[in-house]
1. List pairs: first residue in region 253-272 and at positive phi and not assigned by TED's automatic domain parsing to the domain that holds residue 332, second residue part of a loop (DSSP other than H, G, I, E, B) and modelled with pLDDT of 95 or more anywhere in the structure, Cβ distance under 7 angstrom, at least six positions apart or on different chains.
2. Just checking, does region 242-249 include any residue being part of a loop (DSSP other than H, G, I, E, B), modelled with pLDDT under 95 and either assigned by TED's automatic domain parsing to the domain that holds residue 215 or surrounded by fewer than 21 Cβ atoms within 10 Å (Cβ to Cβ) (or both)?
3. Could you list all residues from region 353-383 that are farther than 17 Å from residue 312 by Cα, touching a residue at least 60 places away in the same chain (Cβ under 8 Å) and touching a strand residue (DSSP E or B) at 6+ places or on another chain (Cβ under 9 Å)?
4. Taking the condition of being buried (at least 18 other Cβ atoms within 10 Å of the Cβ) and outside any loop (DSSP other than H, G, I, E, B), how many residues in region 418-436 meet it?
5. Tally time: how many residues in region 286-323 are more than 27 Å from residue 176 (Cα to Cα) and surrounded by fewer than 17 Cβ atoms within 10 Å (Cβ to Cβ)?
6. For residue 442, state whether it is surrounded by 15 or more Cβ atoms within 10 Å (Cβ to Cβ) and either without any contact (Cβ under 8 Å) to a residue 24 or more places away in the chain or farther than 18 Å from residue 104 by Cβ (or both).
7. What do you reckon, is residue 148 on the phi < 0 side of the Ramachandran plot and not in a strand (DSSP E or B)?
């Protein structure tokens, strides 16, 4: 079978997407253009109440959608970002309304694009509503995937077995022409390959041992100064960071993080605020001390960045692909997770435009191309931290000096600041940081003393 993007009035086939997070929702949208029916399956019982659900424990922490991620969602649902803003999400101009302090330097405040700042439940609820409105899509919540169903010989996956969480009730077999694993970094799809007699993809892990703690506040308009977001990145000498963003309904969310257990942020409210005070200053700090908390402190641990190299597998069954964090999960301090999920869905859409024949292989290769530079950039930044194991001290020191010099240049040079922002936000290739003028500006700011490279 080789399905192609259907002309108006024609349709064929059934696709099942497992997982109703950002990756699964975007994948379902892409599949709806080709398949007659799309079924979206979610383990959680879905409620449109704006709350953090069990399957997304990171949902209480800072989330933002970069220019590139927003463009993908607008491509799937024209006008979607505008509707989010109309519903209360904050559209913020980077870098003029966002203070970013990387490696001790405040990036030059040049306008480089718009960032959508909204809570994860706020964004996901509205994206799910847009997906639910698709005429050929159905949602099955409070179901979990138990096992793939395969044709004789296991050359093709032909469906999936579902059950209620906890094993209540009888299992249900659902036939499908394509099953998409968007169930997260646990890698159920990779394990299923092994159960079907195929090699599992090689996993690349980088232990970062990052922990988050977050709390939402109500801050009076203007009390935090003219900015609408503050990012203070970790440094090798101080492996702690802070992110404060204005989000929907004029609420603000403060997320603190640290590399390694000694620098993990506390969850006790008084200690949480003390931790923040070590990183924030000026009007922002004054506003936080006076702000009204509207939630308790929520915590979340992130042990390692992860990439699975599906694209290197020589044999793959038809009818099964993985996407989202199941392929690549970046350290969340870089705020790229939702954008990376959207980019993979865009790659899936492009592959589907060429039909479904040999889809897993074509999709994995396309996704690998989209992920290569984001993975490289984020893991190099991680390796600049001496708290991240497995990096030779000399390399960590060199990376630390390089990043510090680049950020020093970005403090006064608009071109360097733009290149830094574009790399971090996945708006453009990090290769822009290797342009001769950017390199020259970096070298002029290279640390001359040992103490200059570690702060």
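1. Matching pairs, first to second residue: 260/239.
2. Step one: of region 242-249, the residues part of a loop (DSSP other than H, G, I, E, B) are 247.
Going one step further and asking which of them are modelled with pLDDT under 95, we end up with 247.
If we keep only those that are either assigned by TED's automatic domain parsing to the domain that holds residue 215 or surrounded by fewer than 21 Cβ atoms within 10 Å (Cβ to Cβ) (or both) too, we end up with 247.
Checked region 242-249: at least one residue is part of a loop (DSSP other than H, G, I, E, B), modelled with pLDDT under 95 and either assigned by TED's automatic domain parsing to the domain that holds residue 215 or surrounded by fewer than 21 Cβ atoms within 10 Å (Cβ to Cβ) (or both).
3. Listed by number, the residues that qualify are 356, 357, 378, 379, 382, 383.
4. Within region 418-436, residues that are buried (at least 18 other Cβ atoms within 10 Å of the Cβ) and outside any loop (DSSP other than H, G, I, E, B) number 9.
5. Of the residues in region 286-323, 10 are more than 27 Å from residue 176 (Cα to Cα) and surrounded by fewer than 17 Cβ atoms within 10 Å (Cβ to Cβ).
6. Criteria not met by residue 442.
7. no
Residues checked against (1) under 26 Å from residue 99 (Cα atoms); (2) touching a helix residue (DSSP H, G or I) at 6+ places or on another chain (Cβ under 6 Å):
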residue: 369; (1), (2): no, no
residue: 372; (1), (2): no, no
residue: 375; (1), (2): yes, no
residue: 378; (1), (2): yes, yes
residue: 390; (1), (2): no, no
residue: 393; (1), (2): no, no
residue: 401; (1), (2): yes, yes
residue: 410; (1), (2): yes, yes
residue: 420; (1), (2): yes, yes
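The values are calculated or read from the model by the stated rules, or taken from the named source; none is laboratory data. Fair warning: this is a prediction, and the values are worked out from it, not measured in the lab. Please note: Cβ atoms are built from the backbone with ideal geometry, for glycine as well, and neighbour counts cover all protein chains shown.
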